Amino acid sequence: QVQLVESGGGLVQAGGSLRLSCEASGSTFSSYFMAWFRQAPGKEREFVAGISRTGENTYYGDSVKGRFTISRVNAKNTVYLQMNKLKPEDTAVYYCAADFFAAGYQLVRKYDNWGQGTQVTVSS
């Protein structure tokens, strides 16, 4: 099991930027495929971005392509989500998740390890 703690959320105006961080502990971070999901009120949790163990491969949901960037620093046990050109519809609680394998990376049910979430609010 790996423990995940997100940080960096907050209130930002539309068009602004935020960087989220997710720090892992309790297991070998470089063994995990890492992902970011988000959940807005009344909506299902949705895939935002994913990154392979080495960081070589990245994946994005259609709604964030070209605006968000996922990265990781294995030496710091941390994965990041740089969010630019934020829109009000990006408002949600953002969660990081970890799994050993990349297969099915967009599926919520695939992940056993989740952080507690961090709130992102984008005002218009």
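Beta bridges from DSSP with both residues in the chain: antiparallel share about 90 percent, rounded to the nearest 5. Structural descriptor for the chain: relative contact order 36 percent, calculated from alpha carbon pairs under 8 angstrom and at least 6 residues apart. Of the peptides 5-14, 24-33, the order by per-residue mean of other Cβ atoms within 10 Å, starting with the highest, comes out as 24-33, 5-14.
Straight-line reach from Lys110: taking Cα to Cα under 12 Å and skipping same-chain neighbours fewer than 8 places apart, the aspartates and glutamates in range are Asp99. Cross-link partners for Lys87 among the lysines, with Cα-Cα distance under 23 Å and sequence neighbours closer than 8 places in the same chain left out: Lys43, Lys65.
On the chain, 47 percent of the accessible area sits on carbon and sulfur atoms, based on a 1.4 Å probe.
The residues of the chain expose on average 51 square angstrom of accessible surface per residue, using a 1.4 Å probe on protein heavy atoms.
The values are calculated or read from the model by the stated rules, or taken from the named source; none is laboratory data. Note that the coordinates shown come from a computational prediction; the quantities given were computed from them, not determined experimentally. Don't worry about glycine lacking a Cβ; one is built from the backbone with ideal geometry, like all the others, and counts go over all protein chains shown. Just so you know, the surface numbers come from the protein's heavy atoms only, side chains and all, with ligands and any DNA or RNA stripped out. Shrake-Rupley method; radii C 1.70, N 1.55, O 1.52, S 1.80 Å.
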